[in-house]
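Report on one structure; see the data block that follows.
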Amino acid sequence: MASIPPNQTIYFRNLNDKIQKEVLKQTLYSLCVPYGRVLDIVALKTAKMRGQAFIVFGDIAASTAALRQLNGRHLFGRAMRVEYALSKSDVVAQSDGTLKFGEPRKHISAEQRKRQLGISGAQVSG
């Protein structure tokens, strides 16, 4: 069974969706910065993205350290679930030259991306 490959971006879920977005982003930054340089935090309050966030680190070693230390840790009364993101963030793609400006981004579902990666089920990596 394949797992999600290591990535500079980690995905947080099971976050308390009652917390204000800016407070959540500041708190996640404070939790993540000890593990390495944080390039971006995406936490949206849309119906589909509530309780979730993406944190982009400067390197894979930092994201791996944060994933290992923060997975299962309680934040605002809930145990966070942390795993590698299924795809590269725009910040990373821009820095490595693979982001294509002016082209519409092809969005695929998480299930489609898992099939592309050969991952079965909702497996947590770490």
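Points to keep in mind about this one:
- Solvent exposure, largest accessible area first (probe 1.4 Å, DNA, RNA and ligands not counted), of 49, 80: 49, 80
- In this structure residue 95 has an accessible area near 100 Å², from a 1.4 Å probe over the protein heavy atoms.
- Cα-based shape type of segment 1-92, given that a ≥ b ≥ c are square roots of the gyration tensor eigenvalues and the cut on a/c is 1.5: rounded
- Aspartates and glutamates whose Cα lies under 13 Å from that of residue 25, excluding same-chain neighbours fewer than 8 positions away: 17, 40
- Accessible surface ranking that places the most exposed of 39, 70, 31 first, with a 1.4 angstrom probe: 39, 31, 70
The values are calculated or read from the model by the stated rules, or taken from the named source; none is laboratory data. All of these numbers come straight from a predicted model, not from anything done at the bench. Remember, those area values only see protein heavy atoms, side chains included, never the ligands or the DNA or RNA. Shrake-Rupley method; radii C 1.70, N 1.55, O 1.52, S 1.80 Å.
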